[in-house]
Amino acid sequence: MSHHFHLSSSVLPLSFFPGELGARFSPAEPRPLASSGGVAVASSSRALRPHMAKAVAKEAGAQEAAQGSAALGWAARDASGVLSPFDFSRRAQKDDDVTIKVLYCGICHTDLYTIKNEWGTAMYPVVPGHEILGVVTSVGSGVSKFKAGDTVGVGYFVGSCRSCECCGNGYENYCSGMVLTSNGIDPEHGGAVTQGGFSDVMLVNEDYVVRVPDGLPLDKAAPLLCAGVTVYSPMMRFGLNAPGKHLGVVGLGGLGHVAVKFGKAFGMRVTVISTSPGKREEALERLGADEFLVSRDAEQMQAAVGTMDGILDTVSAWHPISPLFALMKPMGQMVFVGGPTKPLELPAYAIVPGGKGIAGNCVGGIRDCQAMLEFAAKHGITAEVEVIKMDYVNTALERLAKNDVRYRFVIDVAGSLGSTS
């Protein structure tokens, strides 16, 4: 994902994916494939913890360790973005690997952009998916953090260089060698192209797996692996987590609705800023926001000038951003977490006089992701989801493109993938 801001007469390209994908493969070339495999069992949100999880692990784990396994997923073959069943192979499990039977996988706007090649990075066939929750079926001999039967998650990336300053400080998400969970290139495994969580099994190094705390319903927790950490991480980094501070949240979609929940759990005053007046009741009564601003209403916007300590902009489509900066107090912080495909325009006068800050955020590191899940479990934070079967995925993607979802689609992979091929 890439953002472009016009600042005065300059254009500042800010890469949303730290470290662009290096080598590319054309659709016609034979390609190495990355890791996953297995067929699953239908389950409810938390039905596989703990006793059924152990049974699943015992059933599926043994044969996966010694050799690579067959995998079943749904993949896009071209820029139409249409997904269909796809048989492929995962690599053999290594000593530090965890093999995971996928139970649920959320659908993110990034998946939509990738399969339609809107960023020009797609390496077809593409199995999307990076909001993955599942159960460990086997572990390598060197794994110390997980065991068969554990409920775990995998987010936006499955590898990094481990040696740079970002990795050393717990920001693997900004490593130039970050390996995307889907449509990434994995240099540690021969330059294999990674295939994501719209598949029955994942194979991931233990250092890029997170533990899912008890108490979180798996279907509603899946989007937290991307949407949750994407808003939680900058809130922690920029001090937008202090009780009594005033947080603005632009957009009430997959990211925005989770941002509202985290903001309220931190004890903040939260205002939702939206172009859609019809979302007022949802924001205030269901999600617990304190105030609601219609961004197209000049009177409402004027009344809120200079009231906010910071703003999270979660919108993935082009929108005017100068008026948003006026809502912040002097030295307020704006953080962009959405990924519009068209450049956003920002005149210098919107930030210079008030000393206002502007930053971007790409998901979060493994440390932040684990902390986010634990905070979410403690405060009962989950995403609002629509659970679907795999054979509905193309319709879901069409609806997502129209923002016709409240607020995140989640695929019941274990309960549907084996029956759709």
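Any chance you could count how many residues in segment 379-421 are in contact (Cβ under 8 Å) with a residue 40 or more places away in the chain and assigned to a helix (DSSP H, G or I)?
The qualifying residues number 14.
Within segment 117-133, is there a residue that is buried (at least 17 other Cβ atoms within 10 Å of the Cβ), without any contact (Cβ under 8 Å) to a residue 40 or more places away in the chain, farther than 23 Å from LYS94 by Cα and in the same structural domain as LEU397 (by the TED database)?
yes
In the list ALA283, ALA303, ALA265, which residue meets the criterion of being hydrophobic (A, V, I, L, M, F, W, C) and either at pLDDT below 95 or open to solvent by 70 Å² or more (accessible area, probe 1.4 Å) (or both)?
Checking each option against the conditions leaves just ALA303.
Quickly run through segment 227-244 and pick out the residues that are open to solvent by 10 Å² or more (accessible area, probe 1.4 Å) and either under 30 Å from ASP391 (Cβ atoms) or among the hydroxyl-bearing types (Ser, Thr, Tyr) (or both).
TYR232
Name the single residue that is nearest to LEU240 (Cα to Cα) among those in segment 299-320 being in contact with a helix residue (DSSP H, G or I) (Cβ under 9 Å, 6 or more places away or on another chain) and either without any contact (Cβ under 8 Å) to a residue 60 or more places away in the chain or in a helix (DSSP H, G or I) (or both).
In this case the residue turns out to be GLY306.
When you check VAL102 against the structure, is it among the β-branched types (Val, Ile, Thr) and closer than 19 Å to THR230 by Cβ, yes or no?
No: the conditions fail for VAL102.
Going by what's in this entry, would SER316 be described as of a type in the set (Ser, Thr, Tyr), open to solvent by 20 Å² or more (accessible area, probe 1.4 Å) and under 20 Å from the mean Cα position of the chain (by Cα)?
Criteria met by SER316.
With the checklist (1) within 29 Å of LEU83 (Cβ to Cβ); (2) at pLDDT 95 or above; (3) open to solvent by less than 20 Å² (accessible area, probe 1.4 Å) in hand, flag the one item PRO340 doesn't pass.
(2)
Would you point out which residue out of PHE375, PHE336, PHE325, PHE292 is assigned by the TED database to the domain that holds GLY248, of a type outside the set (Lys, Arg) and under 20 Å from the mean Cα position of the chain (by Cα)?
Answer to the check: PHE336.
Let's see how each residue does on (1) in contact (Cβ under 8 Å) with a residue 40 or more places away in the chain; (2) under 23 Å from THR314 (Cα atoms); (3) under 18 Å from the mean Cα position of the chain (by Cα):
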{"residue": "SER144", "(1), (2), (3)": "yes, no, no"}
{"residue": "TYR174", "(1), (2), (3)": "yes, yes, yes"}
{"residue": "HIS189", "(1), (2), (3)": "yes, no, no"}
{"residue": "SER199", "(1), (2), (3)": "yes, no, yes"}
{"residue": "LEU218", "(1), (2), (3)": "yes, no, yes"}
{"residue": "CYS226", "(1), (2), (3)": "yes, yes, yes"}
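Please state which of the following conditions GLU291 fails to meet, knowing it meets all the rest: (1) over 30 Å from ASN169 (Cβ atoms); (2) crowded, with 24+ Cβ neighbours inside 10 Å; (3) of a type outside the set (A, V, I, L, M).
Evaluating GLU291 over (1) over 30 Å from ASN169 (Cβ atoms); (2) crowded, with 24+ Cβ neighbours inside 10 Å; (3) of a type outside the set (A, V, I, L, M) leaves (2) as the failure.
Being in a helix (DSSP H, G or I) and within 11 Å of SER233 (Cβ to Cβ) is the filter here, so list the residues in segment 336-365 that pass it.
Across segment 336-365, there are no qualifying residues.
Could you list, in sequence order, the residues of segment 183-223 that are in a loop (DSSP other than H, G, I, E, B) and open to solvent by less than 20 Å² (accessible area, probe 1.4 Å)?
Listed by number, the residues that qualify are ASN183, GLY184, GLY191, THR194, GLN195, GLY196, GLY197, PHE198, ASP200, VAL209, VAL212, LEU216.
Taking only pairs six or more apart or across chains, which ones have beta-carbon atoms under 6 Å, a first residue in segment 89-101 that is without any contact (Cβ under 8 Å) to a residue 60 or more places away in the chain and hydrophobic (A, V, I, L, M, F, W, C), and a second residue that is open to solvent by 40 Å² or more (accessible area, probe 1.4 Å) and in a loop (DSSP other than H, G, I, E, B)?
ALA92/GLN67
The values are calculated or read from the model by the stated rules, or taken from the named source; none is laboratory data. Note that this is a predicted model, so its numbers are computed, not measured. Don't worry about glycine lacking a Cβ; one is built from the backbone with ideal geometry, like all the others, and counts go over all protein chains shown. Heavy atoms of the whole protein, side chains included, go into the accessibility calculation; ligands, DNA and RNA do not. Shrake-Rupley method; radii C 1.70, N 1.55, O 1.52, S 1.80 Å.
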